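Below is one structure, written out as C-alpha cells; comments come after it.
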Amino acid sequence: MAAEGFAFHRRFFRNSQGGLRAEVPSLLGGGDVPPNIALSRPALHRILNGAADRAGAKIVMGCSIAELNDGPHGVDVTFTDGRADRYDLVVGFDGLRSPLRRRLFGDAYEPTFTGYSVWRLTCPRLPTIDCITLYQGEHSKAGLCPLGDDEMYLLHVTAEPGNPRYDPASFPDMLIERMREYGAEPAVVRDAITADTTIVYSPLEEVLVPAPWHRGRVVIAGDAAHASTPHLTQGAAMALEDAVVLAESVDRAVPLEQALQEFAARRMPRARFVHERSRASLLNEMTGERAREPERFADATRRRMAEVDRFLDQPA
Ligand SMILES: Cc1cc2nc3c(=O)[nH]c(=O)nc-3n(C[C@H](O)[C@H](O)[C@H](O)COP(=O)(O)OP(=O)(O)OC[C@H]3O[C@@H](n4cnc5c(N)ncnc54)[C@H](O)[C@@H]3O)c2cc1C
C-alpha cells in the first residue's frame, strides 16, 4: 500500500479562501506504519485481489445468490449461474444495500439519507496538496486529498434536501455553481472542470445494524452492517477490520453461534463510534457552526481528532 499510495502525517483545515484554521497531526500508527496512506480505489482493488489470489481464494465475478437455505448441517446456496453448494458459513460483505441484510432482518435496517451528498473527481495533484486538506465554506465543505505523486481527488459536500436525482450530464455545471464561494486550490480545480470531467455524485446514506449481525450460519459485515458518512475516512478500513476479526473469531475452538456473537460484540463499539463521530462532523460542518467559531476551532479540532485517533488506534 505504501508503494501504491501517498502517506501523510497531518491534516490541514482551511477556510474557503485557503487561510489556515488548524494543522492537526495524525496520531494513528507508529513505527514503520504511517498514520495515513491514501490511494485510489482501483489501486486498493488490485492489492486486495492480489492478496486474495495468493491466499487461494476462488473469485467469481458477475454472480449472485439465487437461493439460500440455512439448515442444521450447513447453508445450501444456489447461485445465479446455476452452481449450488453447501457452506459452513456465509459472509455477506455486500454493501450498503445488502441483499443478505434484507434476507436476515427484513426491512428493519434500511439505509437513511443524511440530507447531504458528496461530489468527487480525480485530477492532477497540485504540489501544495501533500496531505488531506479540508476547506470550510459557509454551508458546504471542500477537500483535496493526494492519491499518489501525480494524482489527487476533490470532494465537495453539499446539502441536497429530498435526495433529488440529477442528470449526470449536468454534474459539471452543478459542481461549479456549488463551489462558487471557494478560492485557493479548490478554485484551481473548479476552474479546470469541463463538460468532459468525470464527476461521481454520491448521496450520503447511513445504516447501523445492532449486534448480533448473524442469523444461524449467515453473517453480514462491512457497509452491510455499518455504513457511515465518510468523515473519518474509515469505511473501507472498518470492512477490512471486520474481516480480520471475523476470521479470528471463527478460528477459535468455540461453537459457531458463540463465535459470531463475539465477533459483532467486539466490533459494535467501534462501529458505533465511527458512525456517531462521522455524523457529528458532517452536521457541524454543514450547519455553519465550524465557519462561525474561528477562535475555538483550532484547539477544539485538535482535541476532537486526538480523541478519534486514540480510539481508532486501539486494537480492532
Ligand atoms: C463518498 C464516499 C467516500 C468514501 N471515502 C472513504 C474513504 O476515504 N476511506 C474509506 O476507508 N472509506 C470510504 N468510504 C466508504 C467505503 O467506500 C465503504 O465503507 C467500503 O467500500 C465498504 O466495503 P464493503 O466491502 O463493506 O462494501 P462495498 O465496497 O460496497 O462492496 C460491496 C460489494 O458487494 C457486491 N454486491 C452487492 N450486492 C450483491 C449481490 N446481490 N450479489 C453479489 N454481489 C453483490 C457489490 O457489487 C460490491 O462489490 C467512502 C464512501 C463514500 C460513499
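Going residue by residue through the stretch 128-135, is there one that turns out to be open to solvent by less than 10 Å² (accessible area, probe 1.4 Å), in contact with a strand residue (DSSP E or B) (Cβ under 8 Å, 6 or more places away or on another chain) and not hydroxyl-bearing (Ser, Thr, Tyr)?
Looking through the stretch 128-135, at least one residue is open to solvent by less than 10 Å² (accessible area, probe 1.4 Å), in contact with a strand residue (DSSP E or B) (Cβ under 8 Å, 6 or more places away or on another chain) and not hydroxyl-bearing (Ser, Thr, Tyr).
For the stretch 30-45, check the following and say yes or no: at least one residue is touching a residue at least 12 places away in the same chain (Cβ under 8 Å), open to solvent by 70 Å² or more (accessible area, probe 1.4 Å) and out of contact with any Ser or Thr (no Cβ under 8 Å at 6 or more places or on another chain).
So far as the stretch 30-45 goes, no, none of its residues is touching a residue at least 12 places away in the same chain (Cβ under 8 Å), open to solvent by 70 Å² or more (accessible area, probe 1.4 Å) and out of contact with any Ser or Thr (no Cβ under 8 Å at 6 or more places or on another chain).
Return the residue satisfying two criteria in turn: it lies in the stretch 235-257 and is surrounded by fewer than 22 Cβ atoms within 10 Å (Cβ to Cβ) and within 10 Å of the ligand (Cβ to nearest atom), and of such residues it is farthest from residue 10 (Cα to Cα).
Once the filter is applied, the top-ranked residue is 243.
Going through the stretch 197-225 one residue at a time, which ones are more than 22 Å from residue 127 (Cα to Cα), away from the ligand (no atom under 16 Å from the Cβ) and either out of contact with any helix residue (DSSP H, G or I) (no Cβ under 8 Å at 6 or more places or on another chain) or of a type in the set (S, T, N, Q) (or both)?
Matches in the stretch 197-225: 216 only.
Let's see how each residue does on (1) among the small types (Gly, Ala, Ser); (2) within 10 Å of the ligand (Cβ to nearest atom):
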| position | (1), (2) |
| --- | --- |
| 94 | no, yes |
| 100 | no, yes |
| 136 | no, no |
| 140 | yes, no |
| 153 | no, yes |
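Under 7 Å by Cβ, and 6 or more places apart or on different chains, what pairs join a residue from the stretch 230-242 that is within 16 Å of residue 213 (Cβ to Cβ) with one that is among the small types (Gly, Ala, Ser) and at pLDDT below 95?
241/316
Got at least one residue in the stretch 85-100 being open to solvent by less than 20 Å² (accessible area, probe 1.4 Å) and outside any strand (DSSP E or B)?
For the stretch 85-100, residues open to solvent by less than 20 Å² (accessible area, probe 1.4 Å) and outside any strand (DSSP E or B): present.
What pairs come out if I take residues in the stretch 191-216 that are more than 17 Å from residue 153 (Cα to Cα) and pair them with residues that are away from the ligand (no atom under 16 Å from the Cβ) and in a strand (DSSP E or B) whose C-beta lies under 7 Å away, six or more apart or interchain?
Cβ pairs passing all conditions: 216/70.
Which pairs have Cβ atoms under 7 Å, sit 6 or more apart or on different chains, and link a residue in the stretch 55-72 that is away from the ligand (no atom under 14 Å from the Cβ) to one that is part of a loop (DSSP other than H, G, I, E, B)?
Once the first residue is away from the ligand (no atom under 14 Å from the Cβ) and sits in the stretch 55-72, its partners that are part of a loop (DSSP other than H, G, I, E, B) give 70/216; 70/217.
For the stretch 120-167, which positions are free of Cβ contacts under 8 Å to residues at least 24 places away in the same chain and over 20 Å from the mean Cα position of the chain (by Cα)?
127, 162, 164, 165, 167 - these are the residues of the stretch 120-167 that are free of Cβ contacts under 8 Å to residues at least 24 places away in the same chain and over 20 Å from the mean Cα position of the chain (by Cα).
I'd like the residue in the stretch 106-127 that is over 17 Å from residue 198 (Cα atoms) and open to solvent by less than 30 Å² (accessible area, probe 1.4 Å) and, out of all such residues, is nearest to the ligand (Cβ to nearest atom).
Result: 111.
Which condition breaks for residue 200 when tested against (1) within 15 Å of the chain's Cα centre (by Cα); (2) assigned by TED's automatic domain parsing to the domain that holds residue 101?
(2)
Are there any pairs, at least 6 apart or on different chains, whose C-beta atoms fall under 7 Å, with the first in the stretch 86-111 and closer than 24 Å to residue 258 by Cα and of a type outside the set (Val, Ile, Thr) and the second open to solvent by 50 Å² or more (accessible area, probe 1.4 Å) and modelled with pLDDT of 95 or more, and if so, which?
Listed by first residue and then by second, the contacts come to 86/76; 88/217; 89/217; 89/250; 89/256; 100/94; 101/109; 104/215.
Among the listed residues 250, 219, 274, which satisfies the condition of being among the β-branched types (Val, Ile, Thr), modelled with pLDDT of 95 or more and not in a helix (DSSP H, G or I)?
Just a single option satisfies the conditions, and that option is 219.
Looking at the stretch 73-84, which of the residues that are more than 12 Å from the ligand (Cβ to nearest atom) and open to solvent by 80 Å² or more (accessible area, probe 1.4 Å) is farthest from residue 264 (Cα to Cα)?
83
The values are calculated or read from the model by the stated rules, or taken from the named source; none is laboratory data. Since the structure is predicted, the reported quantities are computational estimates derived from the model, not experimental observations. As a convention, Cβ positions derive from the backbone with ideal geometry for all residues, glycine included, and neighbour counts pool all protein chains shown. When the accessible area is computed, the model is the full protein with side chains, heavy atoms only, and any ligands, DNA or RNA have been set aside. Shrake-Rupley method; radii C 1.70, N 1.55, O 1.52, S 1.80 Å.
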